[in-house]
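To start, the structure itself, in structure tokens.
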Amino acid sequence: MNTGLLRRVGLAVAAPLVSAAIAILISAIVLELSGSDAVETFRTMIENGTKLESMIDMLNRATPLYLSAIAAAIGFRMNLFNIGVEGQYILAAFVAAVVGAELDLWAPLHVAAIMLTAMLVGAAWSGLAGLLKVTRGVNEVISTIMLNFIAVGGLVAGLLPKFIDDPTATNQGTTPIAESGRLPDLNSWVEVFTREITKGRQLTGVFVVAIIVGIIYHVVINRSRLGFDIRASGMNPTAARAGGVPPKRMIMLAMVGGGLVAGLVGMPEILSDTNAYDQGFVQGLGFAGIAVALLGRNTALGMAFAALLFGFLDSSAAVLQVSNLASSEIVVIMQATILLVAVIAYEVVNRIRQRDEVKRAAQLVEASA
Amino acid sequence: MTAAIELIGITKRFPGVIANDDVNLRVEPGEIHAICGENGAGKSTLMKILYGMQPADEGVMKIHGEEVHFSSPTDAIAQGIGMVHQHFMLADQMTVLENVILGSEPSKYGLIDQAEAERHLRAVGEAYGLTVDPNDLVETLEVGEKQRVEIIKVLFRGAKILILDEPTAVLVPQEVEELFRNLRELQADGATIIFIDHKLQEVLEISDRITVIRRGKTVTTVDADAVTAADLAELMVGSELPSPETTDSTVTDEVALEVTGVTVLDEDGRAAVEDVSMKVRRGEVLGVAGIEGNGQAELIEALIGTRDPVRGRVRLMGQDITKSSVRHRREAGIGFVPQDRHAEGLLLDATLWENAALGHQTKPPFSKGFWIDRAGSRERTEEIRREFDVRSPGVDVSARALSGGNQQKLIIGREMTADPIVLIAAHPTRGIDVGAQAEVWNDIREARANGMATLLVSADLDELIGLSDTIVVMFHGKLVATLDPNEVTPRTLGSYMTGAALETSAASEGDVVHGGDA
């Protein structure tokens, strides 16, 4: 029994470790081929990554990635391939920025109103895809891709010019949100444990929101009836249906739930960073979130590690660029290899585990018979 | 004369089941040979062996006198055997020609030789009198035409021996006539045809000889001219029926489930269940006999709420639940044992306790309000494990780790411990070993004694006759007879199940009520 437990823990840890090792190996080969010094590059990445300021940067980057991953994972848990987080968060951030600039409220209320607006917009946009699937049978992959285009290329691009604050600015954006609508940074909390944070780095307050969302996600998925229904639908929709789980309602709930979380993805930018939606607004987080969800196996803790890893790599990219050691694209190659290898490793480990379980059950039954 | 196909002592075992047990078959060249038997009798396994899709465990197979060993359908095709599957394997978006040549495209300079393909296709069509336009899109064809394309596909590859797996199942009567005309022309041109079916009238009409299979064994081979439908029906069902267990009747007057005039459509909009009425009382087991595909599955779906009937009412203890959701019906006291436990009954990758909660997750001990009660669920699952003898290392292993019999006992246990008013059980002992089967039967008897009403759909006559208080027979979506298991004879049961009773009045013996309330 004890060796069995050891074996299971070993298997669980082996998959990510092996993936990381293979990804590092492949990246090293690419680095050497492109004429860079692989050892020096990795040394610089680690050296930089262990600095307090870099870690703050990593957390800031990991925060929206984590939220985006959860938004996608809610759908994935029931085999609903919601790839519309991209459009949902961008549209949500834009509307929230516009609404937030109009409001003048007591600070906590102002921030809450902005977040709520973003969540509702995200939910409405993803709900549209859910509605299309439930009423007309439109595949959610198709509809969410289309809705991404409509949101980003159509609505936001079309409406932004109407809300430009300063037409002469090089980076045109919406009117900045008043002080009351900004989320305070968490530097003072971090500084309790460490030294003073320099270089103007600020840990976004949305970091706390991400942790709360992660906890809620974990508890609801694993402990609630709703989560049970979601997981059952994902594992075997026919059996779930025969077990009384209403398929259409579950699709709507999963889409809307994903949209609510997706609305928060753009909040670090709106509440902490630029406090407005401008032309430099960060895009691509929705797709990166899908990668993080895949790597983290749709579990709250797994996605947290995956988001931190991707955050670390993203933050390294900037350093590599500046230090002229290697092209920053090496980071993208690493992310992609990790993901690819991890998906394969998980599958292998899964099969070994299943075989083990069947064997163990058969042995015990034999012993008892 | 050497036989076109000769099978000697073919045996095929699956874990816990013998699908084919010493099957012997001799098909003469140029004949139409039907293979008849109930679903689950082992017809399709036999055909899969013949077509190289599965190897036989024992036995010899000879084609034109030569012993052969197939490891894949390619080997069978090379020997001139072709199979027309019951479910068409055609690409709708491609033309007839493209579908026919798919996989064996004639080529010239590395490109598909369209002209040659079309010439060959027309030659095949003319030789066998099968007409289709090679350039029609498959999606625009009628069902009968699609089937013709499937046949041409097989002939195009040079098949001289054709296996047709329940070819008439999807056809309307006129199309069946057309198919039979085609088959006779094929026969005239020297083809040998193996025709799998359980519709006796059709079998008698088209075939020269008929081999009957029952429970994996060949019963006999007869000349089609020498038998009647009733004879065949009796051969299929068996000459000896099990006698019911002499248990005291526990049937009460209280009607638990009442179905009135229910009509259910299938995916194609045809009536799979037509105007069915029945009553199941507390303490009663109502057995539904019938060959599979006669509407039993759709009837069950209408009862558990996964398919809406277009007409009729379903009442549970007097309450109309026709429009209720599956969840509401579950909560109101309908238990369900599905016919395919992997597809409809279990979450294979989830733990046993999660599987025990499935279908009952809205009620204690599995949940408290919004939250799943893990401790309560585990405890209840332990209880199910003990009482229903589910052999497993614990309640935290995945359902996948269990053997089929133990999975089924888990399902039976979770439904029974919820104390249902009505249990809808579809083939509750299919594919499990004899020991587990006996336990499942005992569980149902016990619950029946405690007042549970059971609707039992089964293809296993031992089970139906052994458990049921009343048996109704379903044929073509209708209830065609109500029988007493104590007095039923193989001839009456067989002739109702196969539809022979509708054609011949010879089978009017026995106490038979047409389409009445059960």
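Please enumerate the residues belonging to segment B:337-348 that are more than 9 Å from chain A (Cβ to nearest Cβ) and in contact with an Asp or Glu (Cβ under 7 Å, 6 or more places away or on another chain).
Result: B:V337, single match.
I'd like to know if segment B:202-211 contains one or more residues that are over 23 Å from B:A3 (Cβ atoms), of a type outside the set (F, W, Y) and in a helix (DSSP H, G or I).
yes
When the residues of segment B:356-371 are filtered to those that are over 37 Å from the mean Cα position of the chain (by Cα) and more than 7 Å from chain A (Cβ to nearest Cβ), which remaining residue is surrounded by the fewest Cβ atoms within 10 Å (Cβ to Cβ)?
The selected residue is B:G369.
Looking at the structure I just gave you, is A:V190 in the same structural domain as A:D104 (by TED's automatic domain parsing), assigned to a helix (DSSP H, G or I) and under 30 Å from A:L253 (Cα atoms)?
Working: in the same structural domain as A:D104 (by TED's automatic domain parsing): yes; assigned to a helix (DSSP H, G or I): yes; under 30 Å from A:L253 (Cα atoms): no.
No; evaluated as a whole, the condition is false for this residue.
Here are some conditions: (1) more than 14 Å from every other protein chain (Cβ to nearest Cβ); (2) under 26 Å from A:A336 (Cβ atoms). A:N298 meets all but one. Which one does it not meet?
(1)
Filter the strands (runs of 3 or more DSSP E) completely within segment B:215-313 down to those with at least 1 residues that are surrounded by fewer than 18 Cβ atoms within 10 Å (Cβ to Cβ).
Correct list: B:217-223, B:255-265, B:271-281.
Looking only at segment A:190-230, how many residues end up being under 30 Å from B:L352 (Cα atoms), in contact with a helix residue (DSSP H, G or I) (Cβ under 7 Å, 6 or more places away or on another chain) and of a type in the set (D, E, K, R)?
The qualifying residues number 1.
Scan segment A:94-116 residue by residue and report those that are under 19 Å from the mean Cα position of the chain (by Cα) and either among the basic types (K, R) or at pLDDT below 95 (or both).
Listed by number, the list is empty, since nothing qualifies.
Go over the candidates A:R195, A:R201 one by one and state the one that is surrounded by fewer than 16 Cβ atoms within 10 Å (Cβ to Cβ), more than 28 Å from A:F81 (Cβ to Cβ) and away from chain B (no Cβ under 14 Å).
Of A:R195, A:R201, the one residue that is surrounded by fewer than 16 Cβ atoms within 10 Å (Cβ to Cβ), more than 28 Å from A:F81 (Cβ to Cβ) and away from chain B (no Cβ under 14 Å) is A:R195.
If you check B:T351, B:T381, which single one turns out to be in contact with a helix residue (DSSP H, G or I) (Cβ under 9 Å, 6 or more places away or on another chain), more than 7 Å from chain A (Cβ to nearest Cβ) and crowded, with 23+ Cβ neighbours inside 10 Å?
Selected residue: B:T381, the only one of B:T351, B:T381 that is in contact with a helix residue (DSSP H, G or I) (Cβ under 9 Å, 6 or more places away or on another chain), more than 7 Å from chain A (Cβ to nearest Cβ) and crowded, with 23+ Cβ neighbours inside 10 Å.
On the basis of being among the basic types (K, R), out of contact with any Pro (no Cβ under 6 Å at 6 or more places or on another chain), away from every other protein chain (no Cβ under 11 Å) and more than 20 Å from B:V422 (Cβ to Cβ), does B:R311 make the cut? If you could, list the steps in order and put the result at the bottom.
Working: among the basic types (K, R): yes; out of contact with any Pro (no Cβ under 6 Å at 6 or more places or on another chain): yes; away from every other protein chain (no Cβ under 11 Å): yes; more than 20 Å from B:V422 (Cβ to Cβ): yes.
Yes, satisfied.
As an exercise: evaluate A:L253 against (1) away from chain B (no Cβ under 14 Å); (2) closer than 19 Å to A:E140 by Cα and give the number of the one condition it does not meet.
It is condition (1) that A:L253 fails.
This table checks each residue for (1) out of contact with any His (no Cβ under 6 Å at 6 or more places or on another chain); (2) within 18 Å of B:V262 (Cα to Cα); (3) within 14 Å of another protein chain (Cβ to nearest Cβ).
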site: B:E284; (1), (2), (3): yes, no, no
site: B:D320; (1), (2), (3): yes, yes, no
site: B:R327; (1), (2), (3): yes, no, yes
site: B:G333; (1), (2), (3): yes, no, yes
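Mind listing whichever residues of segment B:187-196 are touching a residue at least 12 places away in the same chain (Cβ under 8 Å) and surrounded by fewer than 20 Cβ atoms within 10 Å (Cβ to Cβ)?
B:Q187, B:D189, B:G190
So which of A:I216, A:I221 is over 30 Å from B:Q408 (Cα atoms), within 14 Å of another protein chain (Cβ to nearest Cβ) and assigned to a helix (DSSP H, G or I)?
A:I216
Based on this model, can you work out whether B:E439 counts as of a type outside the set (A, V, I, L, M, F, W, C) and under 19 Å from B:V251 (Cβ atoms)? Talk me through it step by step, then tell me what you get.
Numbers: of a type outside the set (A, V, I, L, M, F, W, C): yes; under 19 Å from B:V251 (Cβ atoms): no.
So B:E439 fails the test.
Could you check segment A:59-93 and list, in sequence order, the residues that are β-branched (V, I, T) and modelled with pLDDT of 95 or more?
Across segment A:59-93, the qualifying residues are A:T63, A:I70, A:I74, A:V85, A:I90.
From the set of residues in segment A:324-335 that are surrounded by 14 or more Cβ atoms within 10 Å (Cβ to Cβ) and in a helix (DSSP H, G or I), which is farthest from the other protein chains (Cβ to nearest Cβ)?
Only one residue fits best here, namely A:I330.
Just name the residue that is surrounded by the most Cβ atoms within 10 Å (Cβ to Cβ) out of those in segment B:26-68 that are acidic (D, E) and touching a residue at least 60 places away in the same chain (Cβ under 8 Å).
Per the criteria, the residue is B:E38.
B:L155 - would you say it is in a strand (DSSP E or B) and either modelled with pLDDT under 85 or under 24 Å from B:I81 (Cβ atoms) (or both)?
It is false that B:L155 is in a strand (DSSP E or B) and either modelled with pLDDT under 85 or under 24 Å from B:I81 (Cβ atoms) (or both).
Got a number for residues in segment A:343-361 being touching a residue at least 24 places away in the same chain (Cβ under 8 Å), within 12 Å of chain B (Cβ to nearest Cβ) and closer than 16 Å to A:R297 by Cβ?
The number of residues fulfilling the criteria is 1.
Residue under question is B:G144, and the condition is that it be modelled with pLDDT under 85 and under 21 Å from B:M89 (Cβ atoms); does it hold?
yes
The values are calculated or read from the model by the stated rules, or taken from the named source; none is laboratory data. All of these numbers come straight from a predicted model, not from anything done at the bench. Quick reminder, even Gly has a Cβ in these numbers, built from the backbone with ideal geometry, and neighbours come from all protein chains shown.
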